[in-house]
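Read through the structure below, which is laid out as structure tokens, and then see the notes.
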Amino acid sequence: MLVDYADTLDRLEKALGRHFADSPSILNVPGVSVALKIDPFYYLALRPAFFELLGKWAAVPPSRVEETLLRTGNIVLGPGKARYDKPISVFEDGTRTVLKLPADFVPAEWIDRAVTMYGGEAGPLPVSGLRLAEEQRETLARLFAGKTELAALAFGAPRHS
């Protein structure tokens, strides 16, 4: 059976936008959301929660959600078309607690289009208060080789007391 990824992507985008309109905290709220904008170009999407919820909302199996986003270029893949396989160290601005989370990077353009076209937002969402721990900058730079790099504002150091 031939899979129509464009149709599935459209269903996912509409479902994400509609659910964002009903519950804006699904995006950009550290500690609550399944995807957070970390710079103007990328969201950090928690794995597997982002794919499971998106699949539920769009009536698409989570594995098909991942496959669709991978095949349409909506998950950042590194050299050799590999996903980032290590947990990503993150913290909320102004805090010192670092969490290590399994996650993927999703182009902001796709999520922002969903919230503006179907979620009632006037424009793209702002960058959230979630930051990537500075010590992984070099490792993540390899993932983004040949792509728009993560902006400097995506990184930081947790506040120490």
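Going by the conditions given, is R64 charged (D, E, K, R) and either touching a residue at least 40 places away in the same chain (Cβ under 8 Å) or touching a Cys at 6+ places or on another chain (Cβ under 9 Å) (or both)?
yes
Can you spot a residue in the range 122-131 that is open to solvent by 10 Å² or more (accessible area, probe 1.4 Å) and assigned to a helix (DSSP H, G or I)?
no
Mind listing whichever residues of the range 113-145 are touching a residue at least 60 places away in the same chain (Cβ under 8 Å) and farther than 29 Å from W57 by Cβ?
Selection gives R142, A145.
I want to confirm something. Restricting to the range 60-82 and keeping residues that are among the small types (G, A, S) and not in a loop (DSSP other than H, G, I, E, B), which single residue is farthest from the chain's Cα centre (by Cα)?
Checking each candidate, the answer is G80.
Would you point out the residue of the range 103-121, among those that are of a type outside the set (G, A, S) and in a helix (DSSP H, G or I), that is farthest from the chain's Cα centre (by Cα)?
If we take residues in the range 103-121 being of a type outside the set (G, A, S) and in a helix (DSSP H, G or I), then M117 is farthest from the chain's Cα centre (by Cα).
State which residue is modelled with the highest pLDDT when the search covers only the range 18-57 and only residues that are in contact with a strand residue (DSSP E or B) (Cβ under 8 Å, 6 or more places away or on another chain), of a type outside the set (K, R) and open to solvent by 50 Å² or more (accessible area, probe 1.4 Å).
My answer is F41.
Need pairs with beta-carbon distance below 7 Å; first residue touching a residue at least 60 places away in the same chain (Cβ under 8 Å) and within the range 36-47, second basic (K, R) and surrounded by 20 or more Cβ atoms within 10 Å (Cβ to Cβ); sequence gap 6+ or separate chains.
Cβ pairs passing all conditions: Y43/K37.
Considering only residues of the range 142-155 that are at pLDDT 95 or above and small (G, A, S), which is nearest to the chain's Cα centre (by Cα)?
Once the filter is applied, the top-ranked residue is A154.
So is L150 under 30 Å from G80 (Cβ atoms), touching a residue at least 12 places away in the same chain (Cβ under 8 Å) and either assigned to a helix (DSSP H, G or I) or open to solvent by 80 Å² or more (accessible area, probe 1.4 Å) (or both) or not?
no
What about K100, is it touching a Pro at 6+ places or on another chain (Cβ under 9 Å), assigned to a loop (DSSP other than H, G, I, E, B) and of a type outside the set (D, E)?
For K100, the condition - touching a Pro at 6+ places or on another chain (Cβ under 9 Å), assigned to a loop (DSSP other than H, G, I, E, B) and of a type outside the set (D, E) - is not met.
Hey, I75 hits all of (1) closer than 18 Å to E121 by Cα; (2) β-branched (V, I, T); (3) touching a Leu at 6+ places or on another chain (Cβ under 7 Å) but one; which does it fall short on?
Tallying (1) closer than 18 Å to E121 by Cα; (2) β-branched (V, I, T); (3) touching a Leu at 6+ places or on another chain (Cβ under 7 Å), I75 fails exactly one: (1).
Per-residue answers, yes or no, for (1) small (G, A, S); (2) out of contact with any Asp or Glu (no Cβ under 6 Å at 6 or more places or on another chain):
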position: R18; (1), (2): no, yes
position: A45; (1), (2): yes, no
position: A49; (1), (2): yes, yes
position: L53; (1), (2): no, yes
position: W57; (1), (2): no, yes
position: R64; (1), (2): no, yes
position: N74; (1), (2): no, yes
position: L77; (1), (2): no, yes
position: K81; (1), (2): no, yes
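Check off (1) open to solvent by 60 Å² or more (accessible area, probe 1.4 Å); (2) part of a helix (DSSP H, G or I); (3) closer than 30 Å to P158 by Cβ for D85 and give me the number that stays unchecked.
(2)
The values are calculated or read from the model by the stated rules, or taken from the named source; none is laboratory data. A quick note: this is a predicted structure, and the numbers were derived from the prediction, not measured. Virtual Cβ from ideal backbone geometry, glycine too; neighbours counted across all protein chains shown. When the accessible area is computed, the model is the full protein with side chains, heavy atoms only, and any ligands, DNA or RNA have been set aside. Shrake-Rupley method; radii C 1.70, N 1.55, O 1.52, S 1.80 Å.
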